[in-house]
Every structure is written in structure tokens, then in C-alpha cells.
Amino acid sequence: MAKEPLVLSFDFGTQSVRAILFNKAGEELGKVKIGFTPYFSLKAGWAEQNTDVYWDNFCAASKQLKEKVGELWNDIAAVAVTTIRDTCVLVDKDGNVLRPALVWLDQRQIDDVGNRIPKSKEYIFKLVSMFETAKLTVRTSVCNWIHDNEPEIFEKMDKFLMLSGFMTMKLTGKILDSRAAQCGHVPFDYKRKDWQSDDGLTSCLFDVKRRHMPDLIDAGETLGFITEEAAKATGIKAGLPMIATGNDKGCETLGTGVIGKDSASLSFGTTATIQFSTDRYIEPQPFAPAYPAIIRNKYNPEVQIYRGYWMLT
């Protein structure tokens with residue numbers, strides 16, 4: 001009798017990483033959870049994390065699960081990784097990490113918007129009552145802060161990755177990510193589910209440009225294959241495909257069966273959120289984008305209570 005193919009899934013939260021083995025019916029066959037300190041802070045409002053914390057705990061969780069499930073490990077047919085959103089990693093042209101990751105909780109801002117917004121676009125933003133939102137985006141985008149405060153790092157940067165893109169690089173050696181994983185202060189067109197061109201309407205709000213961003217594929221497609229180096233570090237068999245997923249909230253929404261607007265996914269992680277699934281692009285609040293859903297032709301409008309559920313711990 002042919003053995004049942006299994007999926008090895010990893011889920012990065014703000015404070016832990018989970019390795020879970022599933023069968024094709026979605027039944028959990030084994031799980032390991034490893035917690036870690038969510039960030040370090042050099043100044044009030046800053047939140048950073050050494051990327052080794054993510055990678056080392058990922059490897060530890062993988063090896064512990066391998067030991068736990070025994071022979072089932074040999075039946076793994078594919079690997080998938082979902083991560084927290086808006087957590088950014090800068091790498092040079094050789095894939096070397098240039099500084100600690102900037103965690104989504106980071107609240108640093110630049111002091112002066114300056115001349116980043118051209119007068120022609122300023123007029124358009126004011127016409128649609130978006131100018132204050134545009135200025136806030138400029139101030140709160142960490143890529144702009146790095147450009148202004150760490151110019152030597154910005155100059156060396158080749159790619160500006162989400163944590164999901166960093167994990168793809170570590171596991172497959174490729175600079176590639178899922179469209180459904182993009183959620184953050186980057187020049188991403190959420191309606192088209194692709195990067196903006198450098199002359200796009202809001203691209204002027206970000207100092208990172210299209211050349212700094214990874215190529216994207218749809219969820220469900222193959223990002224690459226586990227390298228020999230990654231296999232030695234994680235215990236995962238070399239050559240297994242890594243499948244594109246989406247960000248953590250999008251995976252929760254799909255996992256709870258919310259595939260339409262007649263139901264909602266309530267998520268109680270470090271933040272509290274509510275998400276729907278829609279066929280049309282609908283902004284839940286003015287200028288707040290609906291995120292790309294894992295289902296290719298759908299979107300996930302969301303309302304979030306910042307740090308809402310963390311307070312209960």
C-alpha cells in the first residue's frame with residue numbers, strides 16, 4: 001500500500017514558532033512549539049529581532065518534530081511556511097543579513113517628510129483627501145527610516161524582504177516570495193497583488209523601489225526546493241518542494257473556513273483581528289488596503305486592534 005503524503009508546516013508568530021505535520025485530510029499528526037523573546041528594544045518604541053533567533057528556533061522545532069513523529073517524517077511530500085506580517089529583513093547581493101529584522105511592533109518614525117512627495121502627487125493626494133495618510137505612511141515606513149538614519153546599510157541593501165521571503169531564501173536559496181504574504185510598509189499594489197512601478201502613485205512614499213523587492217508567485221505554487229545546506233540544519237529532506245502560502249492571518253482565515261463574506265475569522269494572537277474574504281477589492285477603512293487572500297482571486301479585508309489580545313497575558 002502506498003504511503004500517504006504528508007505536509008510539514010511551520011507557523012511563525014511574534015513570540016514562537018510551531019512545526020506541525022499534517023495529512024491530506026488536515027489532521028494534525030505531530031506538533032512542536034518553541035517560544036522566544038519577541039523582540040529587543042534599543043529605544044522606546046523600537047522592536048527588532050536578530051534573524052538567527054528566527055532561523056535557529058525554526059531548525060530546533062523541525063528537528064524536535066522529526067524525532068517526535070519517527071517514521072512519518074519519511075512521508076513528507078512538501079514544506080510550507082507562514083509568518084508574521086510587516087517584519088522586514090535587509091540582505092545584500094550575497095544574501096547576507098545587514099541588520100536585525102524590524103518587527104511589526106516597531107513604532108519608529110522619521111522626523112521630516114521633506115520633499116519625498118512631489119508637488120504633482122501632493123495635489124492628487126489632497127484632491128482625494130489622502131495627503132495626511134500619505135505623510136503618515138512616509139513617516140512610519142521603516143525603509144525610509146533606514147534610508148535616513150543608516151545610509152550605509154541602505155546603500156549595501158540588495159533586497160528588502162518580509163520574514164517569509166527571508167525563510168524562502170534560507171530554505172531554498174532563492175529570492176522569491178508569495179503574493180499572499182505581502183503585508184507591510186512597502187510599495188505593494190494590494191488590488192493588483194504586485195509591486196508598484198517606480199512611477200506609481202504612492203511609490204514616492206517609500207525609499208525602497210521595485211528593484212529592491214523579491215519576485216512574487218501565487219500561493220500554491222512552488223517557491224523552490226530544500227537545499228542540502230538547509231537539510232543539514234533542519235533535518236528536512238533535501239529536494240522537497242517548498243510551497244508558497246500566505247501571511248499568518250490569511251492562513252488562519254482560510255483555516256477557519258472563511259472563504260466568503262458571510263462569515264468572519266476572529267484571530268486572537270498578539271493582536272486581535274477580524275477578517276473576511278471577498279471577491280472584490282474592498283477597503284475596510286479609507287486607504288486601509290484589503291490584503292491578498294491565499295485563494296488566488298480573493299481578498300481579505302481586515303480590522304485590527306493593535307496589541308489587543310497580548311494585554312491579557
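Computed from point charges on the beta carbon alone (+1 for Lys and Arg, -1 for Asp and Glu), the dipole magnitude for region 44-157 about its Cα centre is near 480 Debye. In the elastic network of the chain, a GNM with C-alpha springs shorter than 10 Å, the most mobile of Arg85, Arg139, Arg296 is Arg296.
Over region 83-158, all Cα pairs binned in 10 Å intervals from 0 give whole-percent P(r) values of 17, 40, 31, 12, 1, listed from short to long. Determine the relative contact order of the chain: mean sequence separation of Cα pairs under 8 Å and six or more apart, normalised by residue count, in whole percent. That works out to 15 percent. GNM, the chain, Cα, under 10 Å: largest mean-square fluctuation among Gly257, Gly95, Gly13? Per the Cα network of the chain with a 10 Å cutoff, Gly257 tops the list.
In whole Å, how far is the Cα centre of region 98-117 from that of region 197-242? If we compute the Cα centre of each part, the gap is 22 Å.
Could you compute how fast the chain diffuses translationally, taking Rh as the Kirkwood radius over C-alpha pairs and applying Stokes-Einstein at 25 °C with viscosity 0.890 mPa s? Give it in µm² per second.
Roughly 121 µm²/s, to the nearest whole number.
In region 19-80, carbon and sulfur make up what percent of the accessible area (probe 1.4 Å)?
Accessible surface attributable to carbon and sulfur in region 19-80 totals 48 percent.
Each label was represented as a point 7 Å from its Cα along the Cα-to-Cβ direction; for Arg296 and Glu150 these points are 3.7 nm apart. Only the Cβ atoms of Lys and Arg (+1) and of Asp and Glu (-1) were treated as charged; on that basis the dipole of the chain about its Cα centre amounts to roughly 360 debye.
Legend: translational diffusion of region 133-175 by Stokes-Einstein, Rh = Kirkwood radius over C-alpha pairs, 25 °C, 0.890 mPa s; D = 206 µm²/s.
List residues of region 1-43, by number, whose backbone nitrogen lies under 19 Å from a label position 7 Å along Cα→C-beta of Ala78. It comes to 3-12, 19-30, nothing else. P(r) of region 183-313 in 5 Å steps, Cα pairs, percent per bin? Percent of pairs per bin, in order: 2, 10, 15, 17, 17, 16, 13, 8, 2, 0.
Ordering Pro286, Leu6, Ala60 by the projection of their Cα atoms onto the charge dipole of the chain, which places +1 on the Cβ of Lys and Arg and -1 on the Cβ of Asp and Glu, puts Pro286 at the extreme positive end. When the chain is described by a simple charge dipole with +1 on each Lys and Arg Cβ and -1 on each Asp and Glu Cβ, the residue from Tyr190, Gln109, Phe160 located farthest towards its positive end is Tyr190. Across region 224-238, coupling constants 3J(HN,Hα) worked out from phi with the 6.51/-1.76/1.60 Karplus curve, θ = phi - 60°, read x, 10, 4, 7, 4, 5, 5, 4, 5, 7, 10, x, 7, 4, 4 Hz, and Gly and Pro carry x.
About its Cα centre, what dipole magnitude does region 160-313 give when the only charges are +1 on Lys and Arg Cβ and -1 on Asp and Glu Cβ, stated in debye to the nearest 20?
Values: 17 positive and 17 negative charges, 23 e Å.
For this selection, approximately 120 debye.
Comparing Lys261, Lys63, Lys119 in a Gaussian network model of the chain (Cα springs below 10 Å), the most mobile by mean-square fluctuation is Lys119.
Rounded to 0.05, the FRET efficiency of the Ile259 and Ser129 pair, given R0 = 35 Å and the Cβ-Cβ distance, is 0.60.
Would you mind working out the accessible area per residue for the chain, using a 1.4 Å probe, and quoting it in Å²? Please list the in-between numbers first.
Working: 15030 Å² over 313 residues.
Value for the chain: 48 Å² per residue.
Legend: calculated FRET efficiency, Lys24 to Ala238, from the Cβ-Cβ distance at R0 = 35 Å, rounded to 0.05, equals 0.95. The base-10 log of I(q)/I(0) for region 66-127, evaluated at q = 0.15, 0.21, 0.29 Å⁻¹, reads -0.87, -0.99, -1.16 [Debye formula, identical scatterers on Cα atoms, solvent excluded].
The values are calculated or read from the model by the stated rules, or taken from the named source; none is laboratory data. None of the values given here were measured: they were computed from a predicted structure. Reconstructed Cβ throughout: ideal geometry from the backbone, glycine too, with neighbour counts over all protein chains shown. Side chains are part of the model used for accessible areas, which takes the heavy atoms of the whole protein and leaves out ligands, DNA and RNA. Shrake-Rupley method; radii C 1.70, N 1.55, O 1.52, S 1.80 Å.
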